[in-house]
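J.: The structure that follows is given in the form of structure tokens.
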Amino acid sequence: QVQPVESGGGLVQAGGSLRLSCAASGAISSINFMGWYRQAPGKKRELVAAIRSGGSTNYADSLKGRFTISRDNAKNTVYLQMNSLKLEDTAVYYCSIGYPALILWGQGIQVTVSS
């Protein structure tokens, strides 16, 4: 398996939107879940959202309604649509791909929300 690659981060004003993408490669058929985590300065890494192979999703309670995770199986890509961004959403966002015996992490991508 190859490390997943994130894209789509950057600088956005509060209230704006961004869409993150993460492309997986390797043993695609054995993926159990694809997800997004984030880590703000001085804080622990936390789950943002995840989507399982069957399509079920789960979100951090505080992000429900603003963030949406989706998956394009044909492109082996998971997306995170982030709307109504707040200053506190500023963090490094990490893609996570779960295989039966291994979890791969992307290198992370910066999302900065400005006032």
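J.: Whose amide H sits under 5 Å from the amide H of Arg71, counting only residues 5 or more places off or on another chain, with H placed in the peptide plane?
T.: Residues meeting the criterion, in which the H sits 1.01 Å from N, are Tyr79.
J.: Here is a follow-up. Which length gain, in nm to one decimal place, applies between Ser53 and Gln13 when the Cα-Cα distance is subtracted from 0.36 nm times their residue separation?
T.: Result: 11.1 nm gained on full extension.
J.: Still on this structure: Full extension from Arg45 to Val5: what is 0.36 nm times the residue separation minus their Cα-Cα distance, to one decimal in nm?
T.: Contour length minus Cα-Cα distance gives 12.6 nm.
J.: Based only on Cα atoms, what mean projected area does the convex hull of region 10-111 have, in nm²?
T.: Details: hull surface 25.8 nm².
Across all orientations, region 10-111 yields a mean hull projection of 6.5 nm².
J.: Considering amide H positions built from the backbone, and no H for Pro or chain starts, which residues 5 or more places from Thr90, or on another chain, come under 5 Å of its amide H?
T.: Excluding prolines and chain starts, which carry no amide H, the hits are Val113.
J.: Apply the a/c threshold of 1.5 to the C-alpha gyration tensor of region 69-115 and tell me whether it is rounded, prolate or oblate.
T.: oblate
J.: Report, ordered by chain and residue number, the lysines lying within cross-link reach of Lys86, taken as a straight Cα distance under 22 Å and ignoring same-chain residues fewer than 8 apart.
T.: Correct list for Lys86: Lys43, Lys44, Lys64.
J.: Which parts of region 1-36 would a label at Asn73 reach, counting a residue when its backbone N lies under 20 Å from a point 7 Å out along Cα-to-Cβ?
T.: 22-36
J.: For region 75-89, what does the Karplus curve 6.51 cos²θ - 1.76 cosθ + 1.60, with θ = phi - 60°, yield as ³J(HN,Hα) per residue in whole Hz, taken in order and with x for Gly and Pro?
T.: Using θ = phi - 60°, the values come out as 9, 6, 10, 10, 10, 10, 8, 10, 10, 6, 5, 10, 4, 6, 7 Hz.
J.: If you don't mind, another one. Can you tell me the accessible area per residue over region 1-75, all protein chains present, probe 1.4 angstrom, in square angstrom?
T.: Computed with neighbouring chains in place, this is 58 Å² per residue.
J.: Right, something else. Taking region 1-83, which trypsin sites (Lys or Arg not before Pro) meet the DSSP loop condition and have no more than 11 other C-beta atoms within 10 Å?
T.: Passing both the DSSP loop test and the Cβ count: Lys43, Lys44, Lys75.
J.: Quick one: if the Förster radius is 25 Å, what FRET efficiency do Ser25 and Glu88 give, using the C-beta to C-beta distance and rounding to 0.05?
T.: For R0 = 25 Å, the calculated efficiency reads 0.15.
J.: Could you check how much of the accessible area of the chain is carbon and sulfur, as a whole percent, using a 1.4 Å probe? Intermediate values should be presented prior to the final figure.
T.: Numbers: 2980 of 6020 Å².
Its accessible area is 49 percent carbon and sulfur atoms.
J.: Here is a further query. Output ³J(HN,Hα) for region 9-23: one whole-Hz value per residue in order, computed from phi by the Karplus curve 6.51 cos²θ - 1.76 cosθ + 1.60 with θ = phi - 60°, and x for Gly and Pro.
T.: After applying 6.51 cos²θ - 1.76 cosθ + 1.60, I find x, x, 9, 9, 6, 4, x, x, 10, 9, 10, 8, 10, 9, 9 Hz.
J.: Using 0.36 nm per residue, how much length does the chain from Asn32 to Thr112 gain when fully extended, once their Cα-Cα distance is taken away?
T.: Contour length minus the Cα-Cα distance gives 25.8 nm.
J.: I need the phi-derived Karplus couplings for region 36-41: 6.51 cos²θ - 1.76 cosθ + 1.60, θ = phi - 60°, integer Hz, Gly and Pro marked x.
T.: Working through the residues one at a time gives 10, 10, 9, 9, 8, x Hz.
The values are calculated or read from the model by the stated rules, or taken from the named source; none is laboratory data. For clarity, every value in this text was computed on a predicted model and none was experimentally measured. Every residue, glycine among them, receives a Cβ derived from its backbone with ideal geometry; neighbour counts consider all protein chains shown. Note: accessible area is taken over every heavy atom of the protein model, side chains too, but ligands, DNA and RNA are not part of it. Shrake-Rupley method; radii C 1.70, N 1.55, O 1.52, S 1.80 Å.
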